[in-house]
Amino acid sequence: MNIAISATGDPDVELEESGAASHPLFADVPRSVSFNKLRKRLLRQVRQAFDDFDMLKGQQRWLVGLSGGKDSYGLLSILLDLKWRGLLPVELIACNLDQGQPNFPKHVLPDYLTRIGVQHRIEYRDTYSIVKEKVPEGGTYCSLCSRLRRGNLYRIAREEGCQALVLGHHREDILETFFMNFFHGGRLASMPAKLLNDEGDLMLLRPLAYCAEDDLAKFAVAMEFPIIPCDLCGSQDGLQRNAMKDMLADIERRMPGRKDTMLRALAHVNPSHLLDPKLFDFSGLSVTEPS
């Protein structure tokens, strides 16, 4: 993983040379040096993920999942910015799955997407009732909710003629998932930046894989996104993911830069130095006879 420089050159130079105009979405953003640096950093990291995982190969149309949270808003904005600059030759359609949560503000996302001129689809599926019915009181909704949402988004992607479903998971999501699997699942696995679905007909892409959650939070404040809180998950305390988030935040406070180091570790795996004989042929090791 080489986040600093793209294989095609210095991304900042290319962005500047792509033209002074910006997508109308950025018409009223802060003109500060700090915001410009933040925006360029996010653009550079997304382009690096495109390069590292060959995300644009065979792609013509993407379904971009939009939940109403800071991460999916940030994802859509960065993709629109790159597309405006001619750096993303893919058609985008934003999609929100209204899951039937009580008091969900149904007007917010369609109004926002219409205002910024983005093609979109709003789909209603009452998965909220299913989750409430299936999960025992005090249980964690996240896993079932995610599976139901993902299945519907795959279906919509097919109906819209898309080659990929694009989601807004970021660096912290990937690290938290790794440690959840490490501590609770007994396996080394995380969220891949690029995944082929079980049916083999759609890609799942995570272009924000290198982006820090804190950067996305600052970006959301500066862009004044109309954030919709997640009542389904946010109302629960003591989730395993929250524990991992707190642990990583504590490590980062005590040893700044550790999150980036952990992310690099996920891109530098040495199977011969682990304990899985399915990944490395330990039985094939033999001592060379001296000549």
Descending semi-axes in Å of the chain, equivalent ellipsoid built from Cα gyration tensor: 32, 27, 20
Counting only protein heavy atoms and leaving out ligands, DNA and RNA, the solvent-accessible surface of Cys230 at a 1.4 Å probe, in Å² to the nearest 10, equals 70 Å²
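Ignoring ligands, DNA and RNA, please state the percent of accessible area on region 28-269 from carbon and sulfur, probe 1.4 Å. It would help to have the intermediate numbers written out before the result.
On the way: 6110 of 11790 Å².
The C+S portion of the solvent-accessible surface of region 28-269 is 52 percent.
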List the pairs from Lys40/Lys259; Lys194/Lys245; Lys57/Lys83; Lys57/Lys194 whose alpha-carbon separation is above 18 Å, in the order I gave them. Lys40/Lys259; Lys194/Lys245
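Using just the alpha carbons, could you tell me how many Å³ per residue the convex hull of region 68-108 encloses? Could the numbers behind the result be given before it?
On the way: hull volume 3.2 nm³, N = 41.
It comes to 78 Å³ per residue, whole-number rounded.
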Per residue, how much accessible area does the chain have with a 1.4 Å probe, in Å²? 53 Å²
DSSP-loop trypsin sites (Lys or Arg not before Pro) across region 184-291, with at most 15 other Cβ within 10 angstrom: Arg187, Lys278
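Among DSSP bridges having both ends in region 28-269, what percentage is antiparallel? Round to the nearest 5.
On the way: 3 of 19 bridges.
The answer is about 15 percent antiparallel.
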Can you give me the relative contact order of the chain as a percent, contacts being Cα pairs under 8 Å and 6 or more apart? 21 percent
Size of the dipole of the chain about the Cα centre, Lys and Arg at +1 and Asp and Glu at -1 on the beta carbon, nothing else charged, in debye to 20? 240 debye
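The values are calculated or read from the model by the stated rules, or taken from the named source; none is laboratory data. Fair warning: this is a prediction, and the values are worked out from it, not measured in the lab. Cβ sites come from the backbone with ideal geometry, for glycine too, and all protein chains shown count toward neighbours. Just the protein is used for accessible areas: all its heavy atoms, side chains included, with ligands, DNA and RNA removed. Shrake-Rupley method; radii C 1.70, N 1.55, O 1.52, S 1.80 Å.
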